[in-house]
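One structure is given here, and the rest of the page talks about it.
The values are calculated or read from the model by the stated rules, or taken from the named source; none is laboratory data. In this text, all values refer to a predicted model and were calculated from it rather than measured experimentally. Cβ placement follows ideal geometry from the backbone for every residue including glycine, while neighbour counts extend to all protein chains displayed.
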Amino acid sequence: MSGCSGFSVIYPLPHELKEERMKKKAYRIKTGCELTGSAGYPSGSVFTISDLHLNHENIISYCNRPFNSVREMNRVLIRNWNFVVKPEDTVFYVGDMTLGNADTFIEQLNGNIFFIWGNHDETEDFSSMHESVCLSYRGTEFLFIHNPRMKPDEFDGWTIHGHFHNNNPELYPFFDPKNKKVNVSAEMIRYNPYPLDRIVDLINTNHERKEMADGKKE
């Protein structure tokens with residue numbers, strides 16, 4: 001008996017694969033998901049991001065990431081980081097750097113990194129990892145924690161989190177003023193570290209709009 005299944009499998013031709021790669025690259029550059037030079041933020045800036053999932057091949061299909069391979073994804077995400085973050089900048093990284101040991105990747109990234117533990121993270125130096133980090137910045141209280149469901153009940157500030165990626169944007173959008181949450185999963189912020197100053201500006205702008213709306217009701 002033949003081992004054939006009764007149908008043929010058609011594999012993409014090399015030129016088709018190249019065309020697909022170029023289309024995705026063009027899309028990434030057009031949408032800001034792949035940077036081609038310095039982002040130009042001032043030295044000493046503070047950034048945040050989570051869930052790069054370097055070396056995690058399944059994350060590409062799971063979150064519909066615009067990459068053709070895990071190798072390409074790793075390269076673009078590391079370059080993006082270093083185009084945004086200077087060595088003297090600070091980054092609050094909110095978990096899930098990679099599947100397995102994160103140390104090799106951390107060595108390639110600019111900035112003074114506060115590493116918040118995520119459920120996929122491993123490292124040889126656990127003293128460098130935090131379950132969460134509290135920060136008072138420009139008059140706003142922040143809690144950086146991977147899974148927002150782990151936020152202490154008594155905390156009444158803004159929660160910066162990841163964990164949910166782009167899979168449930170109705171419950172976990174990028175900016176959620178009602179519940180005082182910001183989802184900085186990489187997919188939600190174009191795979192670039194996001195300036196904390198911009199988050200504070202969003203919070204203040206939303207507060208001003210609310211005050212205006214409340215005033216109109218009176």
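For the stretch 54-93, which positions are among the aliphatic types (A, V, I, L, M) and either touching a strand residue (DSSP E or B) at 6+ places or on another chain (Cβ under 9 Å) or part of a loop (DSSP other than H, G, I, E, B) (or both)?
To start, the set of residues in the stretch 54-93 that are among the aliphatic types (A, V, I, L, M) comprises 54, 59-60, 70, 73, 76-78, 84-85, 91.
If the condition is that a residue be among the aliphatic types (A, V, I, L, M) and either touching a strand residue (DSSP E or B) at 6+ places or on another chain (Cβ under 9 Å) or part of a loop (DSSP other than H, G, I, E, B) (or both), then LEU54, VAL70, MET73, LEU77, ILE78, VAL84, VAL85, VAL91 are the ones that fit.
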Residues of the stretch 34-55 satisfying the condition of being closer than 19 Å to VAL94 by Cβ and under 14 Å from the mean Cα position of the chain (by Cα): PHE47, THR48, ILE49, SER50, ASP51, LEU52, HIS53, LEU54
For the stretch 99-118, give me the residue count where each residue is within 16 Å of ASN183 (Cα to Cα) and either at pLDDT 95 or above or not in a strand (DSSP E or B) (or both). 2
What residue, of THR36, THR48, THR31, is more than 30 Å from ARG138 (Cα to Cα) and modelled with pLDDT of 90 or more? THR36
Based on what the data block shows, is THR104 of a type in the set (Ser, Thr, Tyr) and without any contact (Cβ under 8 Å) to a residue 12 or more places away in the chain? yes
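Quick grid of which residues meet (1) farther than 20 Å from GLY32 by Cα; (2) modelled with pLDDT under 95; (3) among the hydroxyl-bearing types (Ser, Thr, Tyr):
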position: PRO169; (1), (2), (3): no, yes, no
position: VAL184; (1), (2), (3): no, no, no
position: TYR194; (1), (2), (3): no, no, yes
position: ASP201; (1), (2), (3): yes, no, no
position: LYS216; (1), (2), (3): yes, yes, no
